[in-house]
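In what follows, a single structure is set out as structure tokens and then discussed.
What follows draws every value from the coordinates through simple rules; no lab data is involved. Computed from a prediction, not measured in an experiment: that's the story for all the values here. All Cβ positions, glycine included, derive from the backbone under ideal geometry; neighbour counts span all protein chains shown.
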Amino acid sequence: MPGTPHIEVSNLTMAYGDFVVQHDLNFVVQKGDIFIIMGGNGCGKTTLMRALVGLQKPAAGTVYYEGEDFWNVSANDQERLKRRFGVMFQGGALWSSLSLAENVALPLHEYTCLAQARIDEIVSFKLALVGLAGFEDFYPAELSGGMRKRAGLARAMALDPDILVVDEPSSGLDPLNARHLDDLILELRDGLGTTIVVVTHELASILSIGSNSIYLDAETHTMIATGNPQQAAQTGDAKVRHFLSRGEL
Amino acid sequence: MIGTQTSDAYASGLQGWLLEKQFKGDQGLEIILAGRWCLDQALPSWEVLKTELGSNDLRHLYFRADHLAAWDTGLLAFLSGVLKFSAGHDIAVDCNGLPAGVQHLLNMASAGPEQNIDARRPSKAGMFSRIGVATIDFCRGFPEMLHFLGEVTLSMGRLLTGRAQFRRSDFWLEVEEVGPRALVIVTVISFLVGLILAYLGADQLRLVGAQIFIADLVAIGMVREVGALMTGIIIAGRTGAAFAAQLGTMQVNEEIDAFRTLGISAIDFLVLPRILALVLMVPLLTLYAAFVGMTAGLLVSYFIFDIGFFEYYTETLRALEIKHFMVGLSKGGVYGAMVAYAGCLRGMHCGRSAEAVGEAATSAVVTGILLITIMASLMTIIFYRLGI
């Protein structure tokens, strides 16, 4: 259903004590968007992501998921809303005492009534999707950083969430794997209708997959642009064009 | 037909999944998928089609999904099983009847960049080889300990000749961390141990009417042995584990490798200040523990066993000689060195995962307490022989 506001961020202010990281953020993510949160190092991208997924309470403002005010509903409702999104962390954040298959299977065990054999099939398929077919029995410590990252994405997709929030998906990946991941994000959106929020500063990804975006500015501590990244690169704010052209414009 | 719905339910909106098989000619099979194929319900295994797929004449497989209401990776996992089996049995699969999204995602799963699995696969070992490996690891531990001891000794040498690279401020930070911040726990434990010693002594000495000698027992016991031993064990649990966890986490973050690449000795920079801090602070804590223990003995004697305040005080002074303090302080110093050595050893040799840090911390405490006990026995025997 394109057109329904899926996630709505309203007057959001993020702060650590007295230090305001970002203030007065207002934007809407539509269902089926690939929404890019971009900005330079230290501008508060990850902090904003933490507010979106319920890890860090904003200093002011709130986030609505299909009209439900995430930060002002009961703890039970928050848990229910949380189950609708999958989160991929920067370093993968795999549980080191569990094998890859167990990492991906845990949410399925907890929240579905599927039989063990079905779960095994689904887990293998998800690992294959991120290019890790055959790595079911490996432990995170036995894998490279890029593999851990991709396994983290497989775990985030475990429950086929409506909303997938990914933090720096392609940093640390080789060009082929980065491209595969971008393609996968597009296919998940097109096939499953997943809404995807990507926190990144990788230009190639921003321009090739993003359908909407915001740019967080580290100096003014707020968003200075919103809209399709390709358009922003052509006609947007001077700072955003500067950023999207690696400083050449 | 199999499924959780009948075909009549198509029109009224399906809640469950539905699977039908239809033979097409002699060698073809069409699979009809309908309803909701989503993870929130129990889905079938691809093996429900195994009989049909396994028959010898089957050469072509088609799909139809006109009435597929909703799908997610539950359907994809099912189809991926079917496709894998077909590929292995020379069956041509025509996926055109599936939704485009399904086809794309199925392609993605089979088209990921190549990975070399076998090179990474850890060898699966049987029980005997695991026991063997554990034994060899255990035996290797001793040369490792000696090697580390050698490195620390060399580092001490560099310190004495003024060539060790470490920051004074790190040393003082460690001193603050291991000394003043441990005072509360040392106070509580020494007080209670002093109290126990006094009660134990009172009970036995009453039999011979020599209760005043509680003072001697508590004073000599606390100053010579118990003060140092209790402090050593507290520090092993508190500081030794912290050292191992700190250095282990630095190992995980490659901070120690960063020192190495810069040619800075991680031993000088990280281990030396920690060992020095403990060797300096544990004797002081030992002295403090002995004082607290004797105070506890005094309070017990005065309030419970009616021994006069000054009587106890003079008896304590009479019992204590300077050599007792020397013994206690030297034990404190040695225990401090043992705890620091065990903590830093386990931290520096830590693996690169969260579990390894936990193991390093556990092992640091166990090794620390073991070394303390061994040194306590050795020193007691040596001091006895020397008549100190």
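Coupling constants for segment B:25-41 follow from the phi torsions by the Karplus curve (6.51 cos²θ - 1.76 cosθ + 1.60, θ = phi - 60°), and in residue order they are x, 7, 10, x, 9, 10, 9, 10, 10, 8, x, 9, 9, 10, 5, 7, 9 Hz; glycine and proline get x.
Computed from the C-beta positions of A:ALA117 and A:LYS57 and an R0 of 45 Å, the FRET efficiency is 0.65 to the nearest 0.05. Peptide A:125-134 is shielded by partner chain Cβ atoms: per residue, an average of 6 of them sit within 10 Å of its Cβ.
Can you give the helix-only mean residue ellipticity at 222 nm for chain B, where every DSSP H stretch with n ≥ 4 adds -39500 (n - 2.57) and the sum goes over all residues, rounded to the nearest 500 deg cm²/dmol? Rounded to the nearest 500, it is -21000 deg cm²/dmol. Under conditions of 4 °C and 1.567 mPa s, chain A yields 70 µm² s⁻¹ as its translational diffusion coefficient, taking Rh as the Kirkwood radius over Cα pairs in the Stokes-Einstein equation.
Its Cα gyration tensor gives segment A:68-144 an equivalent ellipsoid; the semi-axes, largest first and in whole Å, are 27, 16, 11. Protection proxy ranking, highest mean first, for peptides B:364-376, A:187-199: A:187-199, B:364-376, where packing is the per-residue count of other beta-carbon atoms within 10 Å, averaged.
Helix A:116-129 axis versus longest C-alpha principal axis of chain A: approximately 50°, rounded to the nearest ten. In segment B:2-110, Rg over Rh equals 0.94, where Rg is the alpha-carbon radius of gyration and Rh the Kirkwood radius from pairwise Cα distances.
Taking square-rooted eigenvalues a ≥ b ≥ c of the alpha carbon gyration tensor, is segment A:8-70 rounded, prolate or oblate, where a/c under 1.5 means rounded and, failing that, a/b exceeding b/c means prolate? Oblate.
Only bridges whose two residues both fall in chain A count here: according to DSSP, what percent of them are antiparallel, nearest 5?
50
Counted over chain B, the DSSP beta bridges are approximately 45% antiparallel. For chain A, set up a Gaussian network in which alpha carbons nearer than 10 Å are linked by springs, and say which option among A:PRO140, A:PRO175, A:PRO229 fluctuates the most. With Cα springs under 10 Å in chain A, the top fluctuation among A:PRO140, A:PRO175, A:PRO229 is at A:PRO175.
Counting only DSSP beta bridges whose two residues both lie in the protein assembly as shown, roughly 50 percent are antiparallel.
Residue by residue, segment B:362-379 carries 3J(HN,Hα) couplings of 4, 4, 5, 5, 4, 4, x, 5, 4, 5, 4, 5, 4, 5, 4, 5, 4, 5 Hz when phi is fed to the Karplus relation 6.51 cos²θ - 1.76 cosθ + 1.60 (θ = phi - 60°); x denotes Gly or Pro.
In peptide B:70-81, how many Cβ atoms from other protein chains are near each Cβ within 10 Å, on average? Mean shielding count: 6. The radius of gyration of the Cα set in segment B:265-338, together with its Dmax, comes out at 17.3, 59 angstrom. Only lysines eight or more places from B:LYS323 in sequence, or on another chain, were considered; those with a Cα closer than 22 Å are B:LYS331.
Counting only lysines at least 8 places from B:LYS24 when in the same chain, those with an alpha carbon closer than 28 Å to its own are B:LYS50, B:LYS84. By the equivalent-ellipsoid construction on the alpha carbon gyration tensor, segment B:165-255 comes out with semi-axes of 40, 13, 9 Å, ordered largest to smallest. With R₀ set to 45 Å, the beta-carbon distance separating B:GLU30 from B:ILE136 gives a calculated FRET efficiency near 0.15. Computed about its Cα centre, the charge dipole of the protein assembly as shown is approximately 1860 debye, with only Lys, Arg, Asp and Glu carrying charge at their Cβ.
Between 0 and 90 degrees, the angle of helix B:309-319 with respect to the longest Cα principal axis of chain B falls at about 90 degrees.
Each principal axis of the Cα cloud of the protein assembly as shown was evaluated for its coordinate range; sorted largest first, these ranges are 108, 64, 52 Å. Would you list, by chain and number, the lysines whose Cα falls below 30 Å from the Cα of A:LYS82, excluding same-chain residues fewer than 8 positions away? Candidates past the 8-residue exclusion: A:LYS31, A:LYS45, A:LYS57, A:LYS126, A:LYS149.
Give me the base-10 log of I(q)/I(0) for segment A:100-244 at each q in 0.20 Å⁻¹, Debye formula, one uniform scatterer per Cα, rounded to two decimals. With no solvent term, the Cα-only Debye profile gives -1.19.
Taking 25 °C and 0.890 mPa s as the conditions, I'd like the Stokes-Einstein D for chain B in µm²/s, using the Kirkwood hydrodynamic radius from alpha carbon pairs. For the chosen part, D equals 89 µm²/s. Its Cα gyration tensor gives segment A:190-249 an equivalent ellipsoid; the semi-axes, largest first and in whole Å, are 21, 13, 10.
Here the peptides B:212-224, B:320-332 are ranked by packing, the mean other Cβ count within 10 Å, and the order with the highest first is B:212-224, B:320-332.
Peptide A:138-145 has a mean shielding of 3, counted as Cβ atoms of other protein chains within 10 Å of each residue's Cβ. With respect to chain B, whose longest principal axis is taken over its alpha-carbon atoms, helix B:241-252 is tilted by about 40°. Where only DSSP H runs of four or more residues are counted, chain A gives -10500 deg cm²/dmol as its mean residue ellipticity at 222 nm, each run worth -39500 (n - 2.57). When the Gaussian network model of chain B links Cα atoms closer than 10 Å, the mean-square fluctuations of B:ALA361, B:ALA87, B:ALA337 top out at B:ALA87.
Sorted from longest to shortest, the spans of the Cα atoms of segment B:58-105 along the three principal axes equal 30, 18, 16 Å.
Highest mobility in the GNM of chain A, judged by mean-square fluctuation with C-alpha springs under 10 Å and restricted to A:THR226, A:THR235, A:THR200, is found for A:THR235. If you take all other residues with their beta carbon under 10 Å from the beta carbon of B:VAL365, and give Lys and Arg +1 and Asp and Glu -1, the sum is +2.
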